[in-house]
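The values are calculated or read from the model by the stated rules, or taken from the named source; none is laboratory data. For clarity, every value in this text was computed on a predicted model and none was experimentally measured. Because the Cβ atoms are built from the backbone with ideal geometry, glycine has one as well, and the counts that use them run over all protein chains shown.
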Amino acid sequence: MKNTTPITRLICLFTLGCLGHLGAYAQAPAWQTALAVSSGGTSSVRATATDASGNVYVAGSFQGTIRIGPTTMTSYGLSDIFVAKWDKATGAFVWAQRGGGTAEEDVGGLAVNGANIYVTGYYYSSPIAFNGINLTKYPGNSPDIFVLKVSDAGNLSRTEWAQRAGGTNVDFATGVAVSGTSVYVVGSTASITATFGSVALPGSGADVFVTKLTDAGSSGSFVWAQRAGAAYGDGARAVAASGPNVYVVGGFEGPSITFGNTTLMGSGVDELAFKGFVTKLTDAGATGSFTWAKRCGNPGSATAVAVAVSGAAVYVGGTFTKAATTFGTTVLTNAGSAATTDVFVTKLVDAGNDASFGWAQRLGGVNDDRIGGIAVRGAEVYTTGSFSGSVSVGSTSLNSVGRTNSFVAKLADGGATSNFVWAQQAGGPGSAISQGIALADASVWVGGETVPPASFGTQLITSPTTNTLGFIALLTDPRLPLATANAGLAVGLRLWPNPAQAAVNVLLPALAGGSPATLTLLDGLGRVVQTIRVLPVAAGGPQVLNLTGLMPGLYHLRIQAGGQQVSRALAVE
C-alpha cells in the first residue's frame, strides 16, 4: 500500500468534503462559548486575533488587580495594558503580560503572525514598562505611541522589543497589521513634528499617519512613515495588509484631505463633520507611497473604522449619521433620524492604481449603532459591533435585552451584489459591547467588554461586582464550499507537486478568446497570502507560485478567469 503523509490524507478528506453542498445558513449559529477574560478589577478587550492553530489572543486595558488564567496583575496608574493568550487545546488562558506606568495607557490594535504578537496603542507614563523594556515619553503632557512585540512559546511568552513614536502633542495609534516581517501601524498625530525612528514628519494639525517597522526577531525598527491631512482633525482607525498593499481607513474634518497626489473633497455640507476615507499605500521596501484614496459616504457625516482584504476585494465598515449616504452608485438610508448613527459595510475592488465601489449594505435602527470590527474568509464577510433598541440586519430583526447589546452579522459577497446571511446578538440585563472580531477556520471569535450579567444564548457571564470586564465569545459557522468549480475552468486545471515545498506549478486550461486570470493563495484562516495576475490565457500554460517562507499547513488556491472561479486545496510541507 502506498504511504501517505498526514497532510496528503487531509487533502483527500477536504476534497471529499467539498463534494457535498454547505450552503449558507439562514439561521444564525448559536453561541458556543462566552467567558470573562479576567476576574477582579476592571478590564476591557480592545482587540482580538487568532493564529493558524485556533488559539485566541486578546489585548486591552485594565485597572486594579485582575487575574487572567494563572497570572495576577496590578495596574500601576490609571490604567495599564495587557495581552493574553487563550489556548484552544486546554480551553483556558495560559499566559498574560502587562505594560504600564504611573499614568494612563490603552491598546489601539493587535496583530498575530505565527508565534509573533504585535500590540500598539498610546501611553502617558514616562517611562512605560514592558517586562524590563522601558519607553520614555517625548516632552510634554500628551500621549505618545508604542509598538510592542511579544513571542508566544506555548504556555509561556516573552517580550521581544518595544518602540516609541510621536512628538510633543497628542499622538495615538489605532491599528496594526502584519505581512511577513513588515509591521504597519496607523493612527493620528497632532505633533508639529512626529518622529518615527529616524523619520520626522512635519504637519500643521491632527493628521493621519501610516508607518512601517521591520521585525528582525529580537529587535524592531521604523523604516518609513507617511502623513496625510489638512488644517482640521484627521485620523486613521484601522489597517489591513496584503503583500505590499496596505489599506487604511479613518475619517477627516474640514473641506478636504490630501493623500499623496489625491485630494478628497467634502460635499460643501457640514464641513466640520467627520467624513470617511479608505486609502491604499504601496510598500516598496525602503519607502511607502499613497496609491489611491476614496471617500466613504457622501454627503454627510461618516467614519470608516474597520477594514479587511481578500484578494482584490477591500471590505470597509463604519458608521454614518445623515438621512442617506452614497457609496459609488449605492444609496443607504438611515433607519432612524438624520441625527442617529447606522452601520455600513461596503466593498471596493482594487484595480491597482485605482479602486471602485462594488456594493454597500446598512445595519441599524432608530438609536445609535456602532461597528467594532470586520473580518473576511473568502467571500464570507463578518462584522460585529453594538446596538440598542431594535435593528434590522437584512431581513433579520434584533431587539436588545437590557442595555447595549452586541451583534455579529455575516454577509455573502456575490461579486457585484451582497446579502446578509444571518445575525446574532448577546447582552442583557447588563451590557455587552463587541470591539473586535477574528476568524479561525469555522470559528468566529468576538471580543469586547461587558457589565455582567450578560447572556450569550445559553452562555452566561456573571460577576460578584458590576465592574466592566473584558470578554471573548465564540460562534461556529461552517465554511462555504471552496470547490465551487465552473466546469470550463476546472477541466484541465492541475497543481503539482502537491504537497509542495518551495514552489507549486499551476497548469491553467485554455480559455476561449483568452482571459486574464487571478491566482489567490489563502491560508487556513482565509487570509490572503499571495495574489498574482496572469496575462490573457488562450492556449493554456503553467504558472509558478513561490511558496518560500510559508508555514507548513493546508492552503487554498483560488483561480478566477473569464467570469469563472475554482478553488483547490494545496498542502505546503
Single match in V316, V307 (criterion: assigned to a strand (DSSP E or B), closer than 24 Å to T181 by Cα, touching a residue at least 12 places away in the same chain (Cβ under 8 Å) and aliphatic (A, V, I, L, M)): V307
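Please determine, by comparing only the residues of the range 54-75 that are in a loop (DSSP other than H, G, I, E, B) and either touching a Cys at 6+ places or on another chain (Cβ under 8 Å) or at negative phi (or both), which one is surrounded by the fewest Cβ atoms within 10 Å (Cβ to Cβ).
P70
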Single unsatisfied condition, T346 versus (1) more than 17 Å from the chain's Cα centre (by Cα); (2) surrounded by 20 or more Cβ atoms within 10 Å (Cβ to Cβ): (1)
Among (1) in a strand (DSSP E or B); (2) out of contact with any Phe, Trp or Tyr (no Cβ under 7 Å at 6 or more places or on another chain), the one test that A338 misses: (1)
Condition met for F471 (surrounded by 24 or more Cβ atoms within 10 Å (Cβ to Cβ), over 17 Å from I66 (Cα atoms) and of a type in the set (F, W, Y)): no
For G436: the one exception among (1) in contact (Cβ under 8 Å) with a residue 40 or more places away in the chain; (2) over 14 Å from V56 (Cβ atoms): (2)
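When you go through T417, T404, T468 one by one, which is the residue that is farther than 25 Å from S392 by Cβ and under 25 Å from the mean Cα position of the chain (by Cα)? Explain how you work it out, then say what you get.
On the way: T417 fails: farther than 25 Å from S392 by Cβ; T404 fails: farther than 25 Å from S392 by Cβ.
Criteria check complete, one pass: T468.
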Counted residues, the range 534-555 - those being modelled with pLDDT of 80 or more and outside any loop (DSSP other than H, G, I, E, B): 5
Candidate set from the range 224-249 (those that are over 17 Å from A284 (Cα atoms) and among the charged types (D, E, K, R)); member that is modelled with the highest pLDDT: R237
Enumeration of residues in the range 424-454 that are at pLDDT 95 or above and of a type in the set (S, T, N, Q): Q424, Q425, S434, Q435, S443, T450
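Name the single residue that is nearest to A379 (Cα to Cα) among those in the range 288-315 being of a type in the set (A, V, I, L, M, F, W, C) and touching a Leu at 6+ places or on another chain (Cβ under 7 Å).
By that ranking, first place goes to V314.
Of the residues that make up the range 176-185, is at least one over 18 Å from F259 (Cα atoms) and surrounded by fewer than 16 Cβ atoms within 10 Å (Cβ to Cβ)? If you could, list the steps in order and put the result at the bottom.
At the first step, the residues of the range 176-185 found to be over 18 Å from F259 (Cα atoms) are 176-183.
Checking the rest, the ones that are also surrounded by fewer than 16 Cβ atoms within 10 Å (Cβ to Cβ) come to 180-181.
Scanning the range 176-185, I find at least one residue that is over 18 Å from F259 (Cα atoms) and surrounded by fewer than 16 Cβ atoms within 10 Å (Cβ to Cβ), so the answer is yes.
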Lone unmet requirement of (1) at pLDDT 80 or above; (2) over 28 Å from D477 (Cα atoms); (3) of a type in the set (A, V, I, L, M, F, W, C) for L522: (2)
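Which residues, counting only those in the range 496-516, are buried (at least 16 other Cβ atoms within 10 Å of the Cβ) and at pLDDT 80 or above?
To start, the set of residues in the range 496-516 that are buried (at least 16 other Cβ atoms within 10 Å of the Cβ) comprises 498-500, 504, 506, 508-509, 511, 515.
Matches in the range 496-516: N498, P499, A500, V504, V506.
For a quick check of your reading: which strands (runs of 3 or more DSSP E) sit entirely within the range 200-289 and have at least 2 residues that are surrounded by 20 or more Cβ atoms within 10 Å (Cβ to Cβ) and over 21 Å from the mean Cα position of the chain (by Cα)? Lay out the reasoning, then the answer.
Values: elements: 207-215, 220-228, 234-242, 245-252, 256-259, 262-265, 275-283.
Those strands (runs of 3 or more DSSP E) span 220-228, 256-259.
Look through the range 76-104, keep the residues that are of a type in the set (S, T, Y) and surrounded by fewer than 18 Cβ atoms within 10 Å (Cβ to Cβ), and return whichever of them is farthest from D51 (Cα to Cα).
Within the range 76-104, the match that is farthest from D51 (Cα to Cα) is T102.
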Any strands (runs of 3 or more DSSP E) falling wholly within the range 355-465 and containing at least 1 residues that are closer than 25 Å to I66 by Cβ: 370-377, 380-387, 405-413, 418-426, 432-440, 443-450, 454-456, 459-461
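Got at least one residue in the range 132-150 being part of a strand (DSSP E or B), over 14 Å from G220 (Cβ atoms), of a type in the set (S, T, Y) and over 17 Å from the mean Cα position of the chain (by Cα)?
Keep residues of the range 132-150 that are part of a strand (DSSP E or B), which gives 133-135, 144-150.
Checking the rest, the ones that are also over 14 Å from G220 (Cβ atoms) come to 134, 144.
If we keep only those that are of a type in the set (S, T, Y) too, we end up with none.
No, the range 132-150 contains no residue that is part of a strand (DSSP E or B), over 14 Å from G220 (Cβ atoms), of a type in the set (S, T, Y) and over 17 Å from the mean Cα position of the chain (by Cα).
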Checklist (1) in contact with a Ser or Thr (Cβ under 8 Å, 6 or more places away or on another chain); (2) crowded, with 22+ Cβ neighbours inside 10 Å; (3) at pLDDT below 95 applied to G373, failing item: (3)
Residue in the range 286-303 that is out of contact with any Asp or Glu (no Cβ under 6 Å at 6 or more places or on another chain) and among the charged types (D, E, K, R) present: yes
Matching residues in the range 401-451 - criterion: being buried (at least 21 other Cβ atoms within 10 Å of the Cβ), out of contact with any Phe, Trp or Tyr (no Cβ under 8 Å at 6 or more places or on another chain) and aliphatic (A, V, I, L, M): I433, A440, V446, V451
